[in-house]
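The values are calculated or read from the model by the stated rules, or taken from the named source; none is laboratory data. Since we're looking at a predicted model, the values are computed, not measured. All Cβ positions, even for glycine, are placed from backbone atoms using ideal geometry, and neighbour counts span all protein chains on display. Ligands, DNA and RNA are stripped out before the accessible areas are found, and what is left, the full protein with its side chains, is counted by its heavy atoms. Shrake-Rupley method; radii C 1.70, N 1.55, O 1.52, S 1.80 Å.
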Amino acid sequence: GAGVSQSPRYKVAKRGQDVALRCDPISGHVSLFWYQQALGQGPEFLTYFQNEAQLDKSGLPSDRFFAERPEGSVSTLKIQRTQQEDSAVYLCASSTRAGGSYEQYFGPGTRLTVT
Amino acid sequence: AQSVAQPEDQVNVAEGNPLTVKCTYSVSGNPYLFWYVQYPNRGLQFLLKYITGDNLVKGSYGFEAEFNKSQTSFHLKKPSALVSDSALYFCVAWRNRDDKIIFGKGTRLHILP
């Protein structure tokens, strides 16, 4: 079956622009996670949804970052007024059950470059 | 601070030899521990997971991991490496008390033919 997909795969934004990154999780998966992966580093947690509820947004680095999952399936991560330090790969993952203790299925990521 | 350490940025192993990718953790409580693998241009894939019980956990593609509570380690192992095992490997801890996920920075494994 289809895995987790993300779009766009690559995004170049000028500093100050807003961007929106999309994640299509595996159908029926309850949990959805966003991570930020800087070059040469492991993924860092950004936010977590259980169905449509955003239960944890403690990893969002600033109020310029906003995520939503209005119908409990597709999710969008929005970054307003992008800065160079936002350049990273943004990973989305989904899981069949609630919480972070279960196997996660990752998308290929969106590489964001802010110039 | 809570952390997962992968002390080697890169590990080189000859094909057919045993491999070990090291991981130590500093996470409170009794965390669940995972290994994920990332192949080029593909998403991270789950390899195996330790919750409790037997200290040797078996996973996908012939990999296994050994949990050692006293050393707070969770090393990934395989008895005989394949060239196709070349990839980036991440050790991950899940902290029960607040449902937090902590990744190591990754170890690049090169299997030499």
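Observations
- Using only side-chain charges placed at the Cβ, +1 for Lys and Arg and -1 for Asp and Glu, the dipole size of the range B:3-112 relative to its Cα centre rounds to 220 debye.
- Loop chymotrypsin sites (Phe, Trp or Tyr not before Pro), the range A:20-76, which have at most 13 other Cβ atoms in a 10 Å radius of their Cβ (DSSP): none
- Reachable aspartates and glutamates, given that their alpha-carbon falls under 14 Å from the alpha-carbon of B:Lys69 and they are not under 8 places away in the same chain: B:Asp54
- Spin-label proximity, B:Arg108 to the range A:25-44 - amide N less than 18 Å from point 7 Å beyond Cα toward beta carbon: A:37-43
- Probe 1.4 Å, all protein chains present, accessible-area order of B:Val92, A:Val12, largest first: A:Val12, B:Val92
- By the equivalent-ellipsoid construction on the alpha carbon gyration tensor, the protein assembly as shown comes out with semi-axes of 30, 20, 16 Å, ordered largest to smallest.
- In order through the range A:29-36: 3J(HN,Hα) via Karplus (6.51 cos²θ - 1.76 cosθ + 1.60), integer Hz, x for Gly, Pro: 6, 6, 9, 9, 10, 10, 10, 10
- Karplus-derived 3J(HN,Hα) values for the range A:95-107, using 6.51 cos²θ - 1.76 cosθ + 1.60 with θ = phi - 60°, are 8, 5, 10, 6, x, x, 8, 10, 3, 10, 10, 9, x Hz; glycine and proline are entered as x.
- Here the ratio of the Cα radius of gyration of chain A to 2.2 N^0.38 Å is 0.98.
- Phi to ³J(HN,Hα) by Karplus 6.51 cos²θ - 1.76 cosθ + 1.60 over the range B:89-96, Hz, x for Gly, Pro: 10, 10, 9, 9, 10, 10, 9, 5
- For chain B, a Kirkwood radius taken over Cα pairs fed into Stokes-Einstein (25 °C, viscosity 0.890 mPa s) yields D = 174 µm²/s.
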